[in-house]
Structure formats: structure tokens, C-alpha cells
Amino acid sequence: MRDDDAAGQARSDTLLEWYDRHARDLPWRVPPGAARSPDPYRIWLSEVMLQQTTVAAVRAYFERFTQLWPTVADLAQADDGRVMAEWAGLGYYARARNLLKCARVVAAEHQGRFPDRQEDLLKLPGIGPYTAAAIAAIAFDRPAVVMDGNVERVMARLHDIHTPLPAAKPELKAEAAALTPAARPGDYAQAVMDLGATICTPRSPACGICPWRAPCLARARGTAAVLPRKAPKKAKPVRLGIAYVGRTPGGDWLLERRPDSGLLGGMLGWPGSPWAETTPAETPPVAARWCDVGAEARHTFTHFHLRLALRVAVIDPAQVPADGPLLLVPKHRFRPSDLPTVMRKAFDLAHGAMESP
DNA sequence: AATACGGGGCA
DNA sequence: TGCCCAGTATT
């Protein structure tokens, strides 16, 4: 065991030396060696945004959110619709709903301070095993074992593990735990994830410049590019739907607030038919002369492809019930960027069709 | 254990 | 255009 400990120590030291020289400059990051300590609010916000999402996509959203809501107390008081609108385009909208829930729990039940232990962080909405470990390690420098897709890939290659995911997870986690150091665990966690994101990449890893090229078994055996192995995935079915893009004579838009649970939950969207495998029936939200737009919006979600046929009409505002999910958004307050991507695609096509009759 | 849940990047 | 990537909540 002592040999393993010593080898692990040497590896984490090697990685920390690399991180001291090559740490990425990120808006939410405190550089290694800096005097200040990280703001748990900013670490939490960035980690939730980074779930299933690339750094490139997150940057602008992070800047915007921290500018609008500099503290967790500010976010806790924010308007729900405003937060959903600012999240639009980032995807996985349950994250935004849980973000608000979590901010309100922290503000009301934790005096505006995030818990510093993984076990307590795990109880908060939207914080699972990965995010709890990441906050504990990065914000509070606790030796939590941070397991994300990057770490899984790095461990699979370092130890040349060929068991397919997700079956390999326990083994990969054990290897990651054995390497997590007692000194500078926060920097170590960020270092492994940086390594996975910049060098030990999913395709064509840059083994030649990797700080772990010496101990890496997959590098020695030439198997890095095929690891980690994954269980085969199933094909995505096609679903069909119709969306109705309506506008009043005054130029206000007819939208609906989608239910909190389910696909695009809590987001604005165009009213329409359910999305199913078969051709949908016409289900106009209000009576009007709906015109077929020649084009359809195509969009791929996690588990199906959608083809959305489009109808446009000038509608009578008096036809819109005051209760229910439908709402008229005034012309000057409507921002296409407040919509999830599929709804923005539908708008772009419908709007083009309305401009040129 | 399996499924629902977006969107962006790259070949 | 199509394939790859990747945490949390729910069932």
C-alpha cells in the first residue's frame, strides 16, 4: 500500500506542477497561488452551468448572470421568468428552475452561505454527486473525489480500463479516489478536469505533451483514443408537431408558458400540437386564418429528432383567454433570445414568412 | 437500472 | 448532416 500511496503522491504532484503553469483562465476561477479565495456562489453557478455544457457556451451566460445577480441573495429575489429568459439557449432548463430553488434555500435556510461539506451540498436542489464534490473541493478546498466525464476518461486511460461505461464507474471512481491528494485538493480537482478538457480529449488526445504521459498505460499500449469504451446507444426516433406563430395587428406575439415539468419546462414557446410519431392534427390556440409556412423547424433533442411544421396568422387579441398558459408578449418586450433554441428556430422561419408574403 | 432532459462542436 | 459529448432528477 505504501508503494501505491507514494506513486499516487508523485502523480498528483506532477499534475499540480503542470496546473501551476497551464491553468486555464476562466471567469469563475481563482488562479493557483492567488491570495484571494473563491466565491462559493460563483463556483456553484459556474458548475451548474457547466453540467453537460462546454466552457465556450457558458462564458457569456456566466458573465451575464453575475452582472445581473452578483450574490446568491440577489438571485434568490429574482423574478422566475427573468431567470428562465436569461437561461434560454443554454439547455437543460431544469437546471435553471433548480438554480432558483437552490438560491432561495441557501438564502432562507443557510443565511446566504453555501454549506462547505459535500454531504450537505448534496441535499440542495440541482446539486448531485459531481457538483457537490466540485464545490466542496474548489470553493472550500476539501479533498472530495470529483468525478465528471473528463475524470472518467482520464482514469480509464491512465489505468487502461476497457470495461464499458457505465459499468466501469465504480472502478474509475476508486482510481480517482486513490489519486486525490490531501494537499491542494481544490487545485488538483481543477487540474484533472483541465487535463481532460485540453489534453486528454475525447478524440485525438495530445499524449505527447501530457504531464501524465510517463505513467499512462493507455499511452504505452496505444489504446488511448478508444477509451473510455461505452455501451452502445439507441437510435433517436423522429417526432412531428405543429407550432402556431401568431401576432396581433399591433405586433404583439402569442406565446405560452410551458408547464414546469417536462421538456423545455418553465420556458416560453409557441403554442401547438403535441409532438408524436404520427402526423399531428391541427390544434390552433385561437381561431384565425392560419397559413402554412412552407418550411419546418428541425431540431434534435437528447432522445428524439423533431420536425415542427409552422403556421402563421394575424390574431385578434380579444380571442386570447386571460387565464391559462397563453400570453401576449408586447412587441417591444419580445426578445427571440428569451426562447429555447427550437422555438427561436421556429420564430426565425415564421418571421421570414410573414415579412415576405 | 433505465429514462428524460438541450445544444454546440467537429468530422 | 450526423455523430459525439455529459450531470441530475425521476421512475
Sorted peptide list for A:22-32, A:210-220, criterion being average Cβ within 10 angstrom, highest first: A:210-220, A:22-32
I want to verify the translational diffusion coefficient of segment A:2-226 in µm²/s; compute it with Stokes-Einstein, Rh as the Kirkwood radius over Cα pairs, at 25 °C and 0.890 mPa s. 134 µm²/s
Fully extended, how many nm does the chain gain between A:A206 and A:R59 (0.36 nm per residue separation, minus their Cα-Cα distance)? 50.5 nm
For A:G89, which sequence-distant residues (separation of 5 or more, or a different chain) have an amide H within less than 5 Å of its own amide H, given hydrogens modelled in the peptide plane? A:T341
Computed E for A:D80/A:R213 - FRET, C-beta separation, R0 41 angstrom, nearest 0.05: 0.25
Over segment A:34-98, average the accessible area per residue using a 1.4 Å probe and give it in Å², no decimals. 45 Å²
One finds, for A:T71 and A:A287 with R0 = 41 angstrom and r their Cβ-Cβ distance, a FRET efficiency to the nearest 0.05 of 0.30
Using a 1.4 Å probe and ignoring any ligands, DNA or RNA, find the accessible area of A:W290 and quote it in Å² to the nearest 10. 50 Å²
Let me check against my output: what whole-number percent is the relative contact order of segment A:2-226, with C-alpha pairs under 8 Å and at least 6 apart? 21 percent
Name the shape class, rounded, prolate or oblate, that the alpha-carbon gyration tensor gives for segment A:97-149, where a ≥ b ≥ c are the square roots of its eigenvalues, rounded holds for a/c under 1.5, and otherwise prolate holds if a/b is larger than b/c and oblate otherwise. oblate
Taking GluC sites (Glu not before Pro) as candidate sites, keep only those in a DSSP loop with at most 12 other Cβ atoms within 10 Å, then name the longest stretch of chain A containing none of them. A:1-276
Cross-link reach list, lysines versus A:K234, counting only Cα pairs under 21 Å and skipping chain neighbours closer than eight places: A:K169
Top positive-direction residue, dipole computed over segment A:1-119 with Cβ charges, set A:F62, A:L15, A:Q52: A:F62
Per-peptide average of other Cβ atoms within 10 Å, ordering A:7-14, A:133-140 highest first: A:133-140, A:7-14
Please check which bits of segment A:95-120 a label hung off A:S261 would reach, taking the label as a point 7 Å along Cα-to-C-beta and the cut-off as backbone N under 19 Å. A:95-102
May I ask you to derive the FRET efficiency for A:H110 and A:K169 from their Cβ-Cβ distance with R0 = 25 Å, giving the value to the nearest 0.05? 0.25
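The values are calculated or read from the model by the stated rules, or taken from the named source; none is laboratory data. These figures come from a predicted structure and were not determined experimentally. Neighbour counts are summed over all protein chains in view; Cβ atoms, including those assigned to glycine, are modelled from backbone coordinates with ideal geometry. To get the accessible areas, we keep the full protein, side chains included, count just its heavy atoms, and leave off ligands, DNA and RNA. Shrake-Rupley method; radii C 1.70, N 1.55, O 1.52, S 1.80 Å.
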